[in-house]
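The values are calculated or read from the model by the stated rules, or taken from the named source; none is laboratory data. Quick caveat, the model's predicted, so the values are computed rather than measured. Note that each Cβ is placed from the backbone with ideal geometry, even for glycine, and that neighbours are counted across all protein chains shown.
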Amino acid sequence: MNFNILVEGWLENKKISIKESTYCNYVYVINKYITPTFENMEIKELQNYNFNDFVIELMEELSTKTVRDILCILKAILCYVNEEYDCNIKISKIKSPKLVQGNVTVLSNREKGRLENYCIRVDTLKSMGILICLNTGIRIGELCALKWKNVDLDKKILYVNHTLQRVYDKKQKKTKIIIDVPKTAKSIRQIPISNKLYEILKTIKNKYNDDNFFLTGSSEKFIEPRNYQKYFKNVLRKCRIKSYKFHTLRHTFASNCIEVGMDVKSLSEMLGHSSVEITLNKYVHSNYKLQKKYLEKL
């Protein structure tokens, strides 16, 4: 029984308990990174294989996070094989590279102001999307799936309950777009709409139906994340701001919230993090300005 058959068994076992997007991601990672090395191996060979050689090969070309994600899937497959076929693959000996948490990248106040002024001046739905991210911290996939019915200006609440992403379709052997609920329950959330954002959105809300996508104003057409990322890069060029990833808007929002004194629990809920520890590790300890501010009060 070779590795390909073992993987098929694992995927079938997982399919009933995970989202379609997660399943597609597993298939993509297995086909791209894992199968080329192990596809012809049988259980006996897997039991004798030094998986740390595989780890070293991955580290030569991929980031630490990517390698850790690949190994997480590989270990899950091997655990399944151990339990299903009563064998003893030494999973505990597989060493995952240590992930070092670096400082997050944020826009400076000057860059943020320039970007906001441009988006307000241009006054398109796509530019309004950038303002929403700067003021709520939602992810790019969540923004692309956002519809006008999720923008409640009466209650001043933004409802985040779907995400849009491109995934690999195993049967069609090509990628496709899916709109699904977020990966974790805490990603389904309500975010308050600030007065500043409210004043901007109230002038255009009545132009669109509830079922229209926010970024397109259409119920049929949407923008996928990679295309919106390209739009964002173009906006940065027009604003004469150096190139940033779209996720920088989320980091900027979170860091600004910490700077004005928001408690970490509230921020974690707004960001949709699965735990407060994620918010703490990513934003609080790395904020030099906040540390200096409180030290001056001593």
Could you please find all residues in the range 82-118 being exposed (fewer than 11 other Cβ atoms within 10 Å of the Cβ) and under 30 Å from Tyr49 (Cβ atoms)?
-> Glu83, Asp86, Asn88, Ser92, Lys93, Lys98, Val100
Given the conditions (1) in contact with a His (Cβ under 9 Å, 6 or more places away or on another chain); (2) β-branched (Val, Ile, Thr); (3) under 15 Å from Leu107 (Cβ atoms), report the number of the one that Thr248 does not fulfil.
-> (1)
Does Glu60 qualify as being closer than 22 Å to Val100 by Cβ, of a type outside the set (S, T, N, Q) and modelled with pLDDT under 95?
-> yes
Yes/no for Arg250 being assigned to a helix (DSSP H, G or I), more than 23 Å from the chain's Cα centre (by Cα) and at pLDDT 90 or above = no
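Only one of these is farther than 21 Å from Cys257 by Cα and assigned to a strand (DSSP E or B): Lys171, Lys183, Lys149, Lys176. Name it. Full working, then the answer.
Values: Lys171 fails: assigned to a strand (DSSP E or B); Lys183 fails: assigned to a strand (DSSP E or B); Lys149 fails: assigned to a strand (DSSP E or B).
Every option except Lys176 fails the conditions.
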Of (1) more than 25 Å from the chain's Cα centre (by Cα); (2) buried (at least 16 other Cβ atoms within 10 Å of the Cβ); (3) modelled with pLDDT of 95 or more, Cys79 satisfies every one except (2)
From the list Lys265, Lys221, Lys245, which residue is without any contact (Cβ under 8 Å) to a residue 60 or more places away in the chain, among the basic types (Lys, Arg) and not in a helix (DSSP H, G or I)?
-> Lys221
